[in-house]
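Novice: Sharing a structure with you now.
The values are calculated or read from the model by the stated rules, or taken from the named source; none is laboratory data. All of these numbers come straight from a predicted model, not from anything done at the bench. In this analysis, Cβ positions are derived from the backbone assuming ideal geometry, glycine residues included, and neighbour counts consider all displayed protein chains. Protein only, heavy atoms only, side chains kept; ligands, DNA and RNA dropped before computing areas. Shrake-Rupley method; radii C 1.70, N 1.55, O 1.52, S 1.80 Å.
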Amino acid sequence: MAGTLTFDAPDRWNAFLYREETASFGDGVLAGVPVAIKDNISTKGMPTTCGSLILEGYVPPYDAHVVTLLKKAGAALAGKTNMDEFGMGTTTENSAFGPTTNPVDTARVPGGSSGGSAAAVAAGLVPMALGSDTGGSIRCPASFCGIVGLKPTYGRVSRYGLVAYSNSLEQIGPLATTVADASLLMSVIAGYDRRDSTSVDRPYAHAPSADIRGLRIGVPEEFFGAGVDAGVAERVRDAIAVLEDLGAEAVPCSMPSMASALAAYYVTCTSEASSNLARFDGVRYGPAVDTRQQWHAAFREFRGDRFGKEVQRRIMLGTFALSAGYYGKYYAKAQVARAQVRADFARIFVDADVICGPTMPTAAWRLGEKSDPLAMYLSDILTVPANLAGVPAISVPCGRVNGLPVGLQIIGRHFEDERVVDTAYAYEQEACR
Amino acid sequence: MVTQTEIDDIAKLADISIHKEELDTFTSQFNAILDYFDLLDAVDAGPGGETAEYNVFREDEVEPSLPQEDVLALPGNCEDGFVRAPRVM
């Protein structure tokens, strides 16, 4: 069954940063299926820039573990998709190589940071793609583009070969047009890898089931609070009603830790970024630094010129949060707040099997509409809790507001990715009837 | 409240040069974000939940790695099997 695929459909959305004209494929469960890969996942012999000028032209000498698994499964690698630089953004406008547009409405953002992967799937250029999710970067673009995106339980998918931004939060996961395809891609990429010290031996071999009779759904009031668009809230409540019609039971609940979750998230991810991105100095990979200059002067100029503003801001916020005298105020407190988020989930999951709410507070906004960094951060409020706790979460399309897609977010217990997928599948099957 | 001078110092620590004309915007955006982070002041420093910590490191044994020629093909500045870096002195 092995063969070759040709990719010639025009990319009118700037979804790809690098595209293969032809790709060979082998035998396996993904034989002949084109899969696009987010540009922060290392691909041997294929450029990997993370959407940054600091890695322009960099070609990794090895494959990420997930890429090795895709090749073994027979997938045809279609190319590398656009993203917010190093995953830092909610719209894909922070790419050094221009924004991706939303195939649903090209005047609008596709979400981010895996916006290229989501747009490539939504536009029909590929049926499935890999993204990474540090604080919503798979679920947000899935929601904005009207497709399915799964952030797996932390540890279930190897991060070996994923260019690190915030190690304790991020996971690689699937984006696809249907829940079944997302589940299939998840079955290929999940599993133990000794090269990732946080890898857990919990493979995913699951065929989605639409039987959710008796499922208890926690509905936190905070997911429908201030800042959540009324139309979005209505679509999501309608979707929960559909799940109830299928035999599930909705249970109101509360997540008080949401009050400080976003601040805890941004302190944590910027702190980890300040350390992780120290390696980009123009010495070992990517464009070369000017070696005639003095050590720090050369690095400062190089990183000042080649990192985008948002990346610079987050590195500096992290540097500040970890500095002597401020560590206790920011980082230490953020870790307490993070533990409180985990504790809230644990408490809710005693009485509920999954939690449902909107993926994003609003539908996709216009390109260039949000320029204030803090306003942009605030739109991540509903996605970051799952990353802080390491629990699985999926976004599945649940209708539209003013013609724009809305995502239903389903969050589950650790290692219950299967239940999250089943709940999304049940909704999708009923909604598609 | 962080001043422009402090922003300049943080930028130096992070090895990032900020253009003078951007310093004003950078400082005000930085302060708006830090103001938001003050929400964490309300977080009780007491126990927030259980965390599990255990050693995930393998034994320090030499294992096969990437071939040297593949790795040395990456840097822009390379000589006699070494990577060239900026001047230290």
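Conditions (1) of a type in the set (S, T, N, Q); (2) under 16 Å from A:T134 (Cα atoms), marked per residue:
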residue: A:R237; (1), (2): no, no
residue: A:C253; (1), (2): no, no
residue: A:S260; (1), (2): yes, no
residue: A:A264; (1), (2): no, yes
residue: A:T270; (1), (2): yes, yes
residue: A:S274; (1), (2): yes, yes
residue: A:V283; (1), (2): no, no
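Novice: Take A:L185 and tell me if it is surrounded by 24 or more Cβ atoms within 10 Å (Cβ to Cβ) and under 12 Å from the mean Cα position of the chain (by Cα).
Specialist: Considered against the rule, which asks whether it is surrounded by 24 or more Cβ atoms within 10 Å (Cβ to Cβ) and under 12 Å from the mean Cα position of the chain (by Cα), A:L185 comes out as no.
Novice: State the number of residues belonging to segment A:5-58 that are of a type in the set (F, W, Y) and farther than 15 Å from A:A78 by Cβ.
Specialist: Looking only at that region, the number is 1.
Novice: Given the conditions (1) more than 8 Å from chain A (Cβ to nearest Cβ); (2) farther than 27 Å from A:Y265 by Cβ; (3) open to solvent by 60 Å² or more (accessible area, probe 1.4 Å), report the number of the one that B:C78 does not fulfil.
Specialist: Going through (1) more than 8 Å from chain A (Cβ to nearest Cβ); (2) farther than 27 Å from A:Y265 by Cβ; (3) open to solvent by 60 Å² or more (accessible area, probe 1.4 Å) one by one, B:C78 breaks only (3).
Novice: Of the conditions (1) over 28 Å from A:G45 (Cα atoms); (2) β-branched (V, I, T); (3) loosely packed, with under 12 Cβ neighbours inside 10 Å; (4) more than 7 Å from chain A (Cβ to nearest Cβ), B:V56 satisfies every one except a single condition; which number is it?
Specialist: Every condition holds for B:V56 apart from (4).
Novice: Count, please, the residues in segment A:293-320 that happen to be more than 8 Å from chain B (Cβ to nearest Cβ), under 21 Å from B:D41 (Cα atoms) and either outside any helix (DSSP H, G or I) or more than 24 Å from the chain's Cα centre (by Cα) (or both).
Specialist: 0
Novice: Spot the failing condition for A:A332; the list is (1) over 25 Å from the mean Cα position of the chain (by Cα); (2) within 8 Å of chain B (Cβ to nearest Cβ); (3) within 16 Å of B:A14 (Cα to Cα); (4) without any contact (Cβ under 8 Å) to a residue 12 or more places away in the chain, and only one is missed.
Specialist: Condition not satisfied by A:A332: (3).
Novice: Here's something else I'd like to know. Which of the helices (runs of 4 or more DSSP H) contained wholly in segment A:345-433 include at least 3 residues that are open to solvent by less than 10 Å² (accessible area, probe 1.4 Å)?
Specialist: Fully inside segment A:345-433 and qualifying: A:384-389, A:417-431.
Novice: (1) within 13 Å of A:G357 (Cβ to Cβ); (2) surrounded by 12 or more Cβ atoms within 10 Å (Cβ to Cβ); (3) under 22 Å from the mean Cα position of the chain (by Cα): which one isn't true of A:R237, the others all being true?
Specialist: Every condition holds for A:R237 apart from (3).
Novice: Within segment A:244-266, how many residues are surrounded by 15 or more Cβ atoms within 10 Å (Cβ to Cβ), away from every other protein chain (no Cβ under 13 Å) and out of contact with any strand residue (DSSP E or B) (no Cβ under 6 Å at 6 or more places or on another chain)?
Specialist: 1
Novice: Further question: Considering (1) under 28 Å from A:E93 (Cβ atoms); (2) in contact (Cβ under 8 Å) with a residue 40 or more places away in the chain; (3) open to solvent by 50 Å² or more (accessible area, probe 1.4 Å), say which one A:E301 fails and leave the rest.
Specialist: (2) is the only condition that A:E301 fails.
Novice: Could you check segment B:48-89 and list, in sequence order, the residues that are on the phi > 0 side of the Ramachandran plot and either modelled with pLDDT of 85 or more or of a type in the set (A, V, I, L, M) (or both)?
Specialist: Answer for segment B:48-89, where residues must be on the phi > 0 side of the Ramachandran plot and either modelled with pLDDT of 85 or more or of a type in the set (A, V, I, L, M) (or both): B:D80, B:G81.
Novice: A follow-up question, please. Suppose we filter segment A:269-289 for residues that are small (G, A, S), crowded, with 23+ Cβ neighbours inside 10 Å and assigned to a loop (DSSP other than H, G, I, E, B); how many remain?
Specialist: Residues in segment A:269-289 being small (G, A, S), crowded, with 23+ Cβ neighbours inside 10 Å and assigned to a loop (DSSP other than H, G, I, E, B): 2 in total.
Novice: While we're here: Kindly provide the set of residues from segment A:192-221 that are within 14 Å of chain B (Cβ to nearest Cβ) and open to solvent by less than 80 Å² (accessible area, probe 1.4 Å), ordered by number.
Specialist: Passing the criteria: A:D193, A:D196, A:S197, A:T198, A:S199, A:V200.
Novice: For B:A45, indicate whether it is at the interface with chain A (Cβ under 7 Å from one of its Cβ atoms), open to solvent by 60 Å² or more (accessible area, probe 1.4 Å) and at pLDDT below 90.
Specialist: In short, yes.
Novice: Next up: Suppose we keep only residues that are assigned to a strand (DSSP E or B) and of a type in the set (G, A, S) within segment A:1-26. Which one would you say is nearest to the chain's Cα centre (by Cα)?
Specialist: A:A23
Novice: If you don't mind, there's one more thing I want to ask. Contact list please: Cβ distance under 9 Å, first residue in segment A:108-120 and under 11 Å from A:G131 (Cα atoms), second residue outside any loop (DSSP other than H, G, I, E, B) and among the acidic types (D, E), pairs at least six apart or on different chains.
Specialist: From segment A:108-120, the pairs are A:S113/A:E85; A:S113/A:D133; A:S114/A:D133.
Novice: Those residues that are within 7 Å of chain B (Cβ to nearest Cβ) and modelled with pLDDT of 95 or more, I need them from segment A:267-292; list them, please.
Specialist: Selection gives A:V267, A:S274.
Novice: With the requirement that a residue be farther than 14 Å from A:D305 by Cα, more than 7 Å from chain A (Cβ to nearest Cβ) and open to solvent by 20 Å² or more (accessible area, probe 1.4 Å), what does segment B:13-41 give you?
Specialist: B:E21, B:D24, B:T25, B:S28, B:D35, B:D38, B:D41
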